[in-house]
Each structure stands twice: as C-alpha cells, then as structure tokens.
Amino acid sequence: MIEKPKSPSLLELAERVVRLGKEYGADEVEATVSDGREFSVDVRQGQVENLVEAGSRGLGFKVIKDMKTAYAASSDLNPETVRRLVRNAVSRAALGSRDECAGLPPLSSEKVDIPSLCLYDPGVRELEAARKIKLAMETERIALEDKRITNSHGASFITNEVTTVLAGSNGFLGSYDQTFCSLSVGLQAGETDEKVEDYWVSVDRFFKNLESPETVARKAVERTVRQIHPRKIRTQTVPVIFEPAMTDWLVGFLFACISAVAVYQKTTFLAGRLGERIGNEKITVIDDGLMPGKLGSRPFDSEGVPCRKTTVFERGVLRRFLSNTYAGRKLRLPTTGNSEGTGVSPNNFYLQPGPVSPQEIIASTERGLVLTRTIGHGLNPVTGDLSRGALGLWVEGGEIAYPVSEVTIAGNLEQILSQVEMVGNDLEFRSPVCGPTIKIGALTVAGE
Amino acid sequence: MIAFEDHFQISNAQRTKILELALSHGGDFSEIYAEYRVYSFINMEEDIIKETAESISLGLGVRVISGDKTGYGYTNDLSIESIGKAALTAAAIADSEKSVSIPVFLETLPPEDRYPLIRPVHQASLQEKIELVRRAYLSCQKSDPRIKKVKVLFQDHAQYVSIVNSEGCEAEDARPQVKLVCTAVAEKNGRREFGFSGGGGRVGLEYFGQTFPPERIGRDAAEEALLLLEAVEAPAGEMPVVLAPGHAGVLVHEAVGHLLEADFNRKKTSIFWDKLGKKVGSPRLTIYDDPTRPSFRGSYNIDDEGTPPSRTLLIDRGVVHSFLQDRLSARLMGRPLTGHGRRQDYSCIPIPRMSNTYVDGGQDDPEDILKSVAKGIYAEKFEGGQVEDSGKFTFSISAGYLIEEGRLTAPIKQATLIGTNIDILQKIERVGADLTFGLQTGTCGKEGQEVPVTDGCPTIKISRMTVGGQS
C-alpha cells in the first residue's frame, strides 16, 4: 500500500532495518519510519511570541526471535547507530520470555485506496509563513475587540506534514502522507480575582476546511464570557447535559475501557462482557478508519493491518473490542486495525448522533446542569468510576440560567451509558474520538 | 555522578559560527541546545518479560530571542548544514541591523553534583535490571491471593545536554534518571480495584538495595488495591479535608506552584501577577521549589538554559515571595534568574517549570490535626490534578479515608477535590511538622511538554473544601 514513494530514502531505511534484523538472526522484523515537518506560530497581544519550524525523522522497530520480542527506536539515523541498535535488539530478545502470541500479523490481501481517504492537502505545504502568522494575528485581534475579554493566552496557527513508512518481514511495505493544520485562541474574561477562561480550536487535514479567524474568535469569546460571575450550587443529583467536547471526553474514557489490551490485562470493567447490554439502545459506538478527510483516518495501522469500520456498541450491546494482533491472539478475537506502537489507538471512534438538536435537549430539561468543561483526572477504567472537577451552565425551566463553577461530577460509566436519555444531532468529528450533545438522566453534582 | 559523553562533535569555532548565523537578522540572544538521550525500558506482565526496548534520542535546537519574541529551529541531523538551517529558521524572528559578537565561551560549573550515585543504571546489564523487575512483580503477586494482575515497568535513561549561548555561557550536564513502578489489580466477589506504587529518581542501582527494595514497591501496590476492595463511596459536599503527608504535595503543585511560574505572571494571566509581596494565604504556609535536592527526580545541576538552580522561596508565611524564572521572563520582568528554565527535549522551547515543590513543615502534631476533625476526608494518594490560570484547580484522590470523631474509619474510593487557590490557601488551618515527599515517579505537563517532578508536604488541614463523591 504505497501512495507515492516520494521519499525513497525513508522506504530504503525501513527495508534496510528489516533486512539487517533478518541477517542478525531475527525470525520477524517490523520497522516504521516517520518524517515530520512542523510549523507553529504563537501570537499574543498583537505580537509574534514564538515561531518554530523544523523537520525531524524517527525510526522504530521490533524484532522477534523464538517468539521473544524486543523493541528499539532512534532519532539518530546514522547507519552505524542503526546497525548497532538492530544487533542489540536481536541479542536482547533472547533475554525476554517466550510468548506464544508474539509475532507479526499475516499479510492481508485487502487493499485500501489511499487517495480516496483524503489525508493530504498540498495546500498546507504551500502556505507561506506570513499568511499563517496573519491568520493567528487576525483571530486574536477579532477576539480582543470584544470588551468583555480582559486578557489573552494568545492565538496559534500550527501545520504538520507527516510521512509514515512501514515495512515488515511478512512482506508488507506501505507508505502514506498526511497533513494537519489548526487555528486556536485562548482567552480570559473578568477581573484578576474572578477570572474565567476558555479557548477554541479548529483542526482539519485541509486548509480550506479550517474555520475562519472570525469563527474561531467568536466561539472562543462566547465560551469564555458565558462563564462570567459563576455561582456555586448545592450538592444534588440532576440531569446533566454533555456538550460535544464533553461527550468527546466521555467517549475517550469509553475507548480506554473497550481496548482489547485493557481487556486481556483485566484493567477494564468491560472485560468478559462481549454480547452484554451495557448502555441503553441510544448507544451505538463505531470505530471507522476509512472516513475520507477525517482526523483519525489511515489506510493501515502500525502493523500494516488495513483499517476498517467496526461497530463496538450496537444499540447498547457490546459487540467488539478494538484490537491489535497481539491482544487479538490473547483473546482469540480478530484484530480490528487499531494497532499503535505496542498498544491500540482509536481511528475515528464516535458515538452515533441522534435526531434532536442541542437546543431541544436543553428545552426538555426542567432543572439540570450543562457540562461545558471538566478539569483534572479521576477516570478509573478498572471500575468505570469517574469523578472530575466541572464547570457548566445551570438550566432552569428549559433555559440557561447562570454559570456554575467549583462543582464536581461523579458517576460510573456503565450507569451513565444506561441513563442516556437524549442524543443530539450535532456530531462534528472535531477530534478522532468524538460524540454529539447527550443528556444523562441523573448524575451526582457536588457543590456546597 | 555519571560522566559527560560528547555525542555532538561540534567544535567551538563551529558553535560560534552557528550562534552568529542565528543572530544574522539582529536578535538579542542566541543559544544552541544539544541533547543525546539513551533509554531502556522493561515491561513484565502475565508472569513474563513481555517487552524490552532501547531507544536513542539525538537532536539540537537553536533559539533566538528578539525583545519578547522567540524563534526556534531544531533538527536531529547534526550535520553542520542542517544545524545552519535551524539557525537561519530561528534567526528569522528578528528584523534589525544590530550586530553582536560572540565572546569566548566560559564554562558554568555547578557548585556541587546533585546526582551522588555509585552504580550508574544505564551501564548496568539488562539481566540485572530484569532481576529488579521480577522481584517487584513476585512480591506483589504473592502478597495476597486476591491480587489477580500485576504489571511492572522499569525505565531508565542517561541524558547528556550541552548548551552554549551568545553571551558566552557554556554548560553541560549528564543526568541519570530511573523509575520502577508496579500496578496491581485486586479482585473480590466480582469487584476489581487498582493499586500503584513506585520509586526511583536520579539515583544509582544501590537505591534499590536498602533505600527502596523492589519488594516494597510490589507490596505497596498490592496493599493499595486490597484496601480499595473495602472502600466505600466518598461523600459529596463541603467538609474539612486533611492532606496526608507526602503525596498530597500534588495539591500544592497544582493549586499554587503553576501559578507562580513567571510566564503566566509576566503575561498577567495568573491570579498572582499583581500579588508579589502580598499576603495570599495562611501565615502557617511556606512553599519552596528546590531543584538542588540530591538524587531527586526533579533535580538538576544546571537547568535547560545552562543556569545553576537554587532553592526558591515561593510563599513565605502566606506572602508571595517570588516566581519561578527562565531567562526570557526574568529579563522582561527585571527579576533574578532562579534556574527553572526547563524543556522536555531538544524540540521544545524552554519555559519556567517546577522541579521539587514542597510545603515546609509547620508546628502542629499530626495526631492533633486529625483529632480536630469531627467529620471529613483524609486524602492520602492522588492520581494528579490540574489548574487554570484563573486559580480553579482540581485534584483526584485515588485512596483515602473518612475521618469520624477525630479517627480514620472507612477507606474511600476515588473522589475529586475542587477549589480556587486563594480561597484554599486562606483555609489552611493547621500544618504538621512531618514534611514528607511523595513517590519519585511524577511527571508534570505544561504546554505539551512533560518534565520529571516531585512534590512534598506535611500533614495539612484545610478547614473546608468541596469533595465530589457519589454519596
């Protein structure tokens, strides 16, 4: 699966590592080479603050000998360093333990048409530095025009261009190029001791799809000023509405719980529960690596397994764990094309949207909390328990009444999934792990 | 002490040329940061050594400062041609006719070595490291039949940094770092709970002898998981909170430390920016950040700008005393350097960071502190926390107890504490004499850069705080 072998030296390096590994006595070898070009500019108060531009390459590989695996990585690509690392890895493998599940996947006959995935925008490479700086400047300037904004964390424009090459002793050779760009701004409102803050970021693979400076600035301003003069609330159990960014966070926690690696390691409460009803019938969750232009799309995973579409939850029933080859062998389940490094990662992992608008969801709520941000940690995949600091908007009589801060929300993921009362129609794929607005029947909100 | 190894092979004449090239568009300051790091990694789970890894990170960054603007270019190809390209990239931030001549380099020598070790870990054999891993694994697994899953990770690295700048400063450091951590899952009647422990720092292999044997790490992880099997839901609402000595230092790190980093104050986004010399908290509260503590995970001989660090008084009996500075902020604010300019690696611009942050020990007897609480929470172990510049912070308790009538009673499950820093600082009612540091395993993230840190505190009572539990 090679799109355009425009960096033959990268392909050569990956193939050379595979060949060297075999020469030193490895049974199997898999090598990844990545080549990235990065540009980022931060502006603040109308001035460029930081400007970074660089290119960097990296190599990562694994060798397997007698069912024993050793890994290595390097950003020093000197041929002698690479040779030494390969030799060390093969001899280090002997000190590991025999593992019946170790090894590369069999070579797949499926092929993914890389251009149809729309991962690369030549327009990103062509963007001039002056244009990128101007976009960031514009965004901050527009945001600061709003008199309610009292300070700025600055605006940033970032572009990334990455080439990924993978070669395996199973005969796999693949390569693809991708681009990303983002425009963001972070703001503060209110006076020194009563500051509130928030930000907005637009990310896309294609420059033309990025939100305009006006839109990014407007959204950041709205999100910031709506928090001014927050109140505390009493501890109570109420319906909680998750804004899309908050659903993204919840879906991210769900991913940690349906990773086949966590399942075989018994570090998730969903281990051993395939086929069971976990959420109510509003919960359909899909992983799809083949959606054109989306942030989590890719033709093949880090083992060269073609990506695909996998239904993880079907109307509340747990159907599949997302797996790499190793965890798949452990659990006697098929790999799903989600390998990343030694673990698994989501492709585009999302909660399927429902029929109602976010406005209708708020209007349906007599009293409750719209969750706008959470801060902190507090996720436990072993039990499904979650507990986080939260900020939000209080809803009274179907309307937003006032902002709320210094509360925490606490609950259990399984209970939350079985209490989803409404699912919004506003899914936007703003990140690889995402979902629309949802309303949970009841959650504990701790305040005074 | 580990010896400095020069992996860069760049002559002084070449370095001078690069620094000049970096200032070819004007600019006030240029700097070369070269870094070589060699890591090893071992993972044991399901009773086998599942992974071993070796990795190398080599690269160099050129920085140019012009006024308050920073230009940065980096490369992992150390050919003079690529370095020159990085220098020109950084140079482009400036736009003036000014020319600067580079003085002769004068090496900065730190007053003492902060890594007093005997047996460097990066030179130990893999077999020897695997043996440490196995010992931790087995002691965890065998401590109780309810322990169903054990995982042990061992990581070590040796990092060599070499810094020169256009002011003629030259500095280098060879920093060891090691971490052995164990996680355990305990199971009883279908309920599963998770425990964690670990140790390490800028230490040698001898550390795992008597100071912190792997067996203790394994047992501690098992004990935490077993304790949580019996834990009840944490209460929800406002109540007194007693912070256990040690791990609770993360609250200080989050609630206070970040907002005393100079960049946030220079930009006036931190709630502390106008509070230097002003009283913000209880007179019982004194906070330091100290990168010079021997062998600590967060310590260093020089920071990542070549500045020898010093113990920095942040809060003096409730009054804001100073901020944590890097070169850029110190110059723009007209304050002295404190040696807190750190970076994750050569691809990052240095920013002000914490190292080893702690609340100084007070006068109170920890027993008396507990006795003063009729009903509240004893917060013992933490997963981490987060703060906003506005002062709102949270931190997550992973293990703790209920306090009832001055005594610890039932263990409690996961809960979150939330507050606003100035409010909490004023509510610090008692400070114990028992200063303790948390595990030597912590990492702090800021602007996408992760650096090793530690935190410490004595027993502390906060009169009221919002606790987010489920009951």
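Brief remarks on what is shown
- The strands (runs of 3 or more DSSP E) found entirely in segment B:398-438 that carry 2 or more residues being crowded, with 23+ Cβ neighbours inside 10 Å and within 14 Å of chain A (Cβ to nearest Cβ) are B:415-420.
- The set of residues in segment B:22-37 that are of a type outside the set (Asp, Glu), touching a Leu at 6+ places or on another chain (Cβ under 9 Å) and surrounded by 19 or more Cβ atoms within 10 Å (Cβ to Cβ) comprises B:Ala22, B:His25, B:Phe29, B:Ser30, B:Ile32, B:Tyr33, B:Ala34, B:Tyr36, B:Arg37.
- Within segment B:46-78, being hydroxyl-bearing (Ser, Thr, Tyr) and free of Cβ contacts under 8 Å to residues at least 60 places away in the same chain holds for B:Ser55, B:Ser66, B:Thr75.
- Qualifying residue in segment B:174-194 (condition: modelled with pLDDT under 95, farther than 29 Å from B:Arg327 by Cβ and in contact with a Cys (Cβ under 8 Å, 6 or more places away or on another chain)): no
- Among the strands (runs of 3 or more DSSP E) confined to segment A:369-448, the ones with at least 3 residues that are not β-branched (Val, Ile, Thr) are located at A:385-396, A:399-412, A:438-446.
- Taking the criterion of being farther than 15 Å from A:Gly25 by Cα and more than 7 Å from every other protein chain (Cβ to nearest Cβ), the residues of segment A:62-91 that qualify are A:Leu77, A:Asn78, A:Pro79, A:Glu80, A:Val82.
- Where B:Phe382 falls short, out of the listed (1) buried (at least 24 other Cβ atoms within 10 Å of the Cβ); (2) at the interface with chain A (Cβ under 9 Å from one of its Cβ atoms); (3) over 15 Å from B:Cys457 (Cα atoms): (3)
- Residue in segment A:17-28 that is in contact with a Leu (Cβ under 6 Å, 6 or more places away or on another chain), within 12 Å of another protein chain (Cβ to nearest Cβ) and modelled with pLDDT of 95 or more present: no
- Taking segment B:39-66 as the range and being more than 8 Å from chain A (Cβ to nearest Cβ) and out of contact with any Phe, Trp or Tyr (no Cβ under 9 Å at 6 or more places or on another chain) as the test, only B:Tyr39 passes.
- Test for A:Gly171: is it small (Gly, Ala, Ser) and part of a loop (DSSP other than H, G, I, E, B): yes
Quick grid of which residues meet (1) at pLDDT below 95; (2) more than 19 Å from A:Ala129 (Cβ to Cβ); (3) in contact with a Pro (Cβ under 8 Å, 6 or more places away or on another chain):
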{"position": "B:Phe41", "(1), (2), (3)": "no, yes, no"}
{"position": "B:Ser55", "(1), (2), (3)": "no, yes, no"}
{"position": "B:Gly67", "(1), (2), (3)": "yes, no, no"}
{"position": "B:Asn76", "(1), (2), (3)": "yes, yes, no"}
{"position": "B:Ser99", "(1), (2), (3)": "yes, yes, no"}
{"position": "B:Phe105", "(1), (2), (3)": "yes, yes, no"}
{"position": "B:Glu112", "(1), (2), (3)": "yes, yes, no"}
{"position": "B:Pro116", "(1), (2), (3)": "yes, yes, yes"}
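- Residue match in segment A:34-41 (condition: more than 13 Å from every other protein chain (Cβ to nearest Cβ) and among the hydroxyl-bearing types (Ser, Thr, Tyr)): no
- B:Lys142 vs. criteria farther than 19 Å from A:Leu95 by Cβ, surrounded by fewer than 16 Cβ atoms within 10 Å (Cβ to Cβ) and modelled with pLDDT of 95 or more: yes
- Whichever residue in segment B:363-393 is without any contact (Cβ under 8 Å) to a residue 60 or more places away in the chain and assigned to a strand (DSSP E or B) and, among such residues, is farthest from the chain's Cα centre (by Cα): B:Lys392
- Qualifying positions in segment A:272-286 - under 22 Å from A:Thr247 (Cα atoms), part of a loop (DSSP other than H, G, I, E, B) and among the basic types (Lys, Arg): A:Lys282
- Out of B:Glu128, B:Glu81, sole residue that is without any contact (Cβ under 8 Å) to a residue 12 or more places away in the chain and either more than 7 Å from every other protein chain (Cβ to nearest Cβ) or within 20 Å of B:Leu21 (Cα to Cα) (or both): B:Glu81
- Exactly one residue among A:Asn425, A:Asn412 is within 14 Å of chain B (Cβ to nearest Cβ) and either without any contact (Cβ under 8 Å) to a residue 40 or more places away in the chain or surrounded by fewer than 18 Cβ atoms within 10 Å (Cβ to Cβ) (or both), and that residue is A:Asn412.
- Only one of the listed residues (B:Arg317, B:Arg311, B:Arg331) is away from every other protein chain (no Cβ under 14 Å), on the phi > 0 side of the Ramachandran plot and either surrounded by fewer than 18 Cβ atoms within 10 Å (Cβ to Cβ) or without any contact (Cβ under 8 Å) to a residue 60 or more places away in the chain (or both). That residue is B:Arg317.
- Looking only at residues in segment A:95-108 that are hydrophobic (A, V, I, L, M, F, W, C) and more than 10 Å from chain B (Cβ to nearest Cβ), the one that is surrounded by the fewest Cβ atoms within 10 Å (Cβ to Cβ) is A:Leu107.
- Qualifying residue in segment B:38-61 (condition: farther than 30 Å from A:Arg98 by Cβ and either aromatic (Phe, Trp, Tyr) or in the same structural domain as B:Val203 (by TED's automatic domain parsing) (or both)): no
- Filtered by the rule that a residue be part of a helix (DSSP H, G or I), within 26 Å of B:Pro235 (Cα to Cα) and either within 11 Å of another protein chain (Cβ to nearest Cβ) or under 13 Å from the mean Cα position of the chain (by Cα) (or both), segment A:252-271 gives A:Phe253, A:Leu254.
- Subset of segment B:439-471 (residues that are in a strand (DSSP E or B) and either buried (at least 23 other Cβ atoms within 10 Å of the Cβ) or at the interface with chain A (Cβ under 9 Å from one of its Cβ atoms) (or both)): B:Cys444, B:Pro452, B:Thr454, B:Asp455, B:Gly456, B:Cys457, B:Ile460, B:Lys461, B:Ile462, B:Thr466, B:Val467, B:Gly468
To keep it simple, each residue is scored yes or no on (1) in contact with a helix residue (DSSP H, G or I) (Cβ under 9 Å, 6 or more places away or on another chain); (2) at pLDDT 95 or above; (3) within 30 Å of B:Leu337 (Cβ to Cβ); (4) not hydrophobic (A, V, I, L, M, F, W, C).
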residue: B:Glu215; (1), (2), (3), (4): yes, yes, no, yes
residue: B:Ala221; (1), (2), (3), (4): yes, yes, no, no
residue: B:Ala234; (1), (2), (3), (4): no, no, no, no
residue: B:Met239; (1), (2), (3), (4): no, no, no, no
residue: B:His247; (1), (2), (3), (4): no, no, no, yes
residue: B:Val256; (1), (2), (3), (4): yes, no, yes, no
residue: B:Ser270; (1), (2), (3), (4): yes, no, yes, yes
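- Failed item in (1) within 14 Å of chain B (Cβ to nearest Cβ); (2) surrounded by fewer than 19 Cβ atoms within 10 Å (Cβ to Cβ), with A:Glu314 passing the rest: (1)
The values are calculated or read from the model by the stated rules, or taken from the named source; none is laboratory data. This is a predicted model, so every value here is computed, not measured. As a convention, Cβ positions derive from the backbone with ideal geometry for all residues, glycine included, and neighbour counts pool all protein chains shown.
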